[in-house]
Each structure stands twice: as structure tokens, then as C-alpha cells.
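Worksheet: one structure, shown below.
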Amino acid sequence: MSKIQLDSLGKAIAALETGFAEQAAYPELLTIRDGVIQRFEISMDLSWKTTMRVLREVYGVQNSNVLTKKDIFRQAAKYQLLDDPEAWFGHYEASNDTSHIYDSDIAPQTFARARLFLADARLLLQRLKDVA
């Protein structure tokens, strides 16, 4: 088994944290809010892809390349990589809402969801480090 690299996910989560700090300093700048949303999308994407790889390489989950995102989150909860797959369903849907088209009407909701995601992403990263 090869060592699973978690650096990219860690850097993405750190960038998201930095984005929140910058937004707190300059809350009137919508470009910073939008940057946070982009960082959320990247962090979410790396989260499920890295989780899928851990499920396959560490836990031997077969056919992990054809699992749906919901299946991945359910399997991750089964192996205690995350606590609440339902929360991750919501994170994924929120990141997907803005990843293909920008909608200024839903940006505030996506930004709020990104705040919820951050704590879950930190916990996932820690648990991945413990097993990978």
C-alpha cells in the first residue's frame, strides 16, 4: 500500500481558513466572499476524492470508483472517518450549487454552508491522517 498524500487537502482547508479570516477583516468585499466559496468548492472536491482513495486503499472498499458521493460519505461514516453523512450530503450539494454557475442570490447561503463545512473538514483531515 502506498502512503496516501494528504498535503493537498490540508493546504486547501488552510486556504479556506485564511479566506474566512480575510473576509472577517473586509466583510464588505464580495470578491473575498466569492474567493471563500471557491476555496470551499476545492476543499469539498478534495475531501470526497481523498476519502474515496482512503476507502479503497486502506479499507479495501471495492468499486469505490463507481460509488456515488452519498455512498462515499456513508462508507466514510461506517469507518468513522466522519460523524454525520447527512451533513456531508448538504456540504456537497451546496458546493455543487455554485461550482457550475455563479448565482449571487445563493452565494450567501453557500458561504454560510462553507463555515459549517470547515469544522467537518478539519475533523475529516485529522481522521484521515490517523489512518493513512
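Is it fair to say S95 is at pLDDT 95 or above, under 16 Å from the mean Cα position of the chain (by Cα), within 30 Å of P27 (Cβ to Cβ) and among the hydroxyl-bearing types (S, T, Y)? Walk me through it before giving the result.
Numbers: at pLDDT 95 or above: no; under 16 Å from the mean Cα position of the chain (by Cα): yes; within 30 Å of P27 (Cβ to Cβ): yes; among the hydroxyl-bearing types (S, T, Y): yes.
No, not satisfied.
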Taking the stated definitions as given, is I42 out of contact with any Phe, Trp or Tyr (no Cβ under 7 Å at 6 or more places or on another chain), surrounded by 14 or more Cβ atoms within 10 Å (Cβ to Cβ) and either of a type in the set (G, A, S) or within 20 Å of L128 (Cα to Cα) (or both)? yes
When segment 94-121 is checked residue by residue, the ones that are under 22 Å from K11 (Cα atoms) and of a type in the set (D, E) are D120
E28 being among the charged types (D, E, K, R), at pLDDT 95 or above and touching a helix residue (DSSP H, G or I) at 6+ places or on another chain (Cβ under 9 Å): no
Filter segment 65-107 down to residues that are surrounded by fewer than 18 Cβ atoms within 10 Å (Cβ to Cβ) and among the β-branched types (V, I, T) and give me whichever is farthest from W48 (Cα to Cα). I106
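The values are calculated or read from the model by the stated rules, or taken from the named source; none is laboratory data. The structure presented is a predicted model; accordingly, all values stated were derived computationally and were not measured. Here the Cβ is made from the backbone with ideal geometry for all residues, glycine too, and neighbour counts use every protein chain on show.
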